[in-house]
Amino acid sequence: MSRLIVVSNRVPVPKGGQPPAGGLAVALSGAMEERGGVWFGWSGDTARHDEASEVRTLERGKVTYALVDLSQRDLEDYYAGFSNRMLWPLFHYRMDLTDFTRVTLGGYYRVNRLFAKLLAPMVEADDVVWIHDYHLIPLANELRQAGVRCRIGFFLHIPFPPPDILTVLPNHADLVRGLAAYDVIGFQTPLDVENFETYLRREKVGRRMSDGRFVIHGRAVRVEAWPVGIETKAFADIAAKSDDNTLVQRMDESLVGKSLIIGVDRLDYSKGIAERMLAFQSFLTLDTEARGKVTYLQVTPKSRSEVAEYAAMEKEVAELAGRVNGQHADLDWTPIRYVNRTVGRNALAGLYRLARVGLVTPLRDGMNLVAKEFVAAQKPDDPGVLLLSRFAGAAAELDGALITNPYDIDGTAGAISRALEMPLDERLDRWRRMYERIAEHDVAWWCRSFLDALEAAPSNGASAEPQ
Ligand code: ADP
């Protein structure tokens with residue numbers, strides 16, 4: 001088995017002997033433990049000098065964590081700028097929120113080059129390298145130019161947009177040329193693969209070959225959808241034991257018999273939180289019987305506050321929650337409990353399990369792990385109902401959910417009523433289908449499938465055809 005090098009923007013360094021938090025980090029560090037490996041990326045710290053050029057390493061068992069501090073300027077241009085104000089909104093189909101500048105684009109390539117320069121000497125000939133997400137698309141090409149010839153794979157955790165949207169990016173051709181340096185490219189869903197294929201065809205830079213592989217700028221690349229999963233069984237076990245969690249007990253007692261509807265999302269415009277609150281408001285207006293009998297808990301930690309669009313949305317959602325409550329609340333009933341905090345994994349699992357309905361209604365999402373966590377946490381003999389946006393990657397797998405269109409506010413309101421009234425038989429039938437799917441296709445399956453494909457790829461470190 002080859003040694004595994006994982007590269008991601010942030011490196012989840014385990015603290016005080018604890019395993020890293022989050023299913024993805026657990027799966028990847030598990031794979032590295034098995035084979036030996038290196039996890040390389042930004043440390044999360046700002047370098048004191050303008051030119052960051054050192055790697056700090058930490059050894060934990062068979063895994064080396066290789067950390068790079070980035071300068072303030074690099075962070076502003078590469079991370080907050082090009083990654084989060086251009087690629088993130090564009091890849092989530094939000095052309096209206098993009099902000100392209102040559103300065104941030106320069107920063108994006110500068111940091112990718114810096115990573116390649118620092119990482120290349122650590123890579124050995126028979127290693128496999130697995131690069132993650134939109135921050136690092138050009139990294140394989142930079143590594144190839146620095147002489148790295150081993151197999152390199154890439155996984156995109158966010159959606160891949162259709163060509164009419166991608167071509168809004170002034171440097172889309174360069175970005176896609178960079179993808180040709182990989183041996184394997186993984187997307188979340190078949191739709192993302194289809195969008196990529198359509199782009200290659202329209203721009204005349206590649207196509208799908210008869211053996212299923214793609215040729216991109218003259219290089220053969222395996223491109224496939226591998227939907228990311230969660231640690232399904234472990235999460236279900238945590239949920240089953242969550243009764244003695246004090247936060248869960250407090251929540252349960254405070255419900256005094258009311259049905260709980262839950263939403264759990266980072267505060268991000270892609271999550272459709274404002275539309276969801278409007279749908280809940282419409283539900284309260286249409287379903288007068290339900291008033292006073294339901295509580296909608298929205299647990300939403302703030303994120304990326306340094307990016308202007310997020311600050312604006314923070315205000316919009318808070319005001320909306322206040323307005324809906326002002327209009328519908330009674331002396332002893334608050335319809336929306338809007339909470340800007342994170343909760344621990346045990347409490348989160350217990351809260352999902354208390355809920356009769358899970359609202360997962362993003363306007364666009366690569367996968368959405370909350371949807372899978374909600375399913376994993378349900379009581380097998382009395383499961384809640386998942387209401388899921390058709391625009392979440394998870395909708396391609398979770399056919400037992402009530403699928404909604406988050407732009408259709410009244411339609412979503414109707415689906416909330418339907419979910420609350422759904423009889424046990426139907427709930428059981430829908431939940432079992434979803435649970436089976438995520439139990440089999442969990443995060444370990446995802447990690448294994450991608451790495452199997454990467455290891456099976458012919459070793460061909462040649463560059464793409466010249467420009
Ligand atoms: P994204 O990666 O865009 O934030 P996902 O739904 O794929 O969206 O993953 C979000 C992860 O963050 C999930 O594992 C979820 O449990 C976690 N999370 C989201 N909100 C909270 C919260 N308030 N407290 C704790 N964990 C949270």
- Task: Among the residues of the range 325-359, count how many are surrounded by fewer than 21 Cβ atoms within 10 Å (Cβ to Cβ) and of a type in the set (Val, Ile, Thr).
- Result: 4
- Tally the residues that are farther than 30 Å from Val184 by Cβ and assigned to a loop (DSSP other than H, G, I, E, B), restricting the search to the range 215-264. 5
- Based on what the data block shows, is Ala329 more than 16 Å from the ligand (Cβ to nearest atom) and within 30 Å of Arg73 (Cβ to Cβ)? no
- Query: Residues of the range 138-160 being farther than 14 Å from Tyr109 by Cα, more than 16 Å from the ligand (Cβ to nearest atom) and surrounded by 18 or more Cβ atoms within 10 Å (Cβ to Cβ), which ones?
  - Reply: Arg144, Val148, Cys150, Arg151, Ile152, Gly153, Phe154
- All positions within the range 274-304 that are modelled with pLDDT under 95, more than 16 Å from the ligand (Cβ to nearest atom), touching a helix residue (DSSP H, G or I) at 6+ places or on another chain (Cβ under 8 Å) and of a type in the set (Ser, Thr, Tyr): none
- Those residues of the range 352-397 that are more than 19 Å from Ser417 (Cβ to Cβ), of a type in the set (Val, Ile, Thr) and within 11 Å of the ligand (Cβ to nearest atom) come to a total of 1
- Residues of the range 12-24 satisfying the condition of being farther than 16 Å from Phe154 by Cα and modelled with pLDDT of 85 or more: Pro12, Val13
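Looking at Glu465, Glu426, which one is modelled with pLDDT under 95 and of a type in the set (Asp, Glu)? Outline the logic, then answer.
Working: Glu426 fails: modelled with pLDDT under 95.
Going through Glu465, Glu426 in turn, just one is modelled with pLDDT under 95 and of a type in the set (Asp, Glu): Glu465.
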- Item | Matching entry among Leu297, Leu284, Leu320, Leu260 (being within 25 Å of Met95 (Cα to Cα) and buried (at least 16 other Cβ atoms within 10 Å of the Cβ)) | Leu320
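This table checks each residue for (1) touching a residue at least 40 places away in the same chain (Cβ under 8 Å); (2) away from the ligand (no atom under 15 Å from the Cβ).
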site: Val256; (1), (2): no, yes
site: Arg266; (1), (2): no, no
site: Ser270; (1), (2): yes, no
site: Glu314; (1), (2): yes, no
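Being within 14 Å of the ligand (Cβ to nearest atom) and of a type outside the set (Asp, Glu) is the filter here; which residues of the range 223-235 pass it?
Of all residues in the range 223-235, those within 14 Å of the ligand (Cβ to nearest atom) come to 227-232, 234-235.
Once the filter is applied, which keeps residues that are within 14 Å of the ligand (Cβ to nearest atom) and of a type outside the set (Asp, Glu), the range 223-235 yields Pro227, Val228, Gly229, Ile230, Thr232, Ala234, Phe235.
The values are calculated or read from the model by the stated rules, or taken from the named source; none is laboratory data. Bear in mind that the values here come from a model prediction, so they are computed numbers and not experimental data. Using ideal geometry, Cβ is built from the backbone for each residue, glycine included, and neighbour counts are taken over all protein chains shown.
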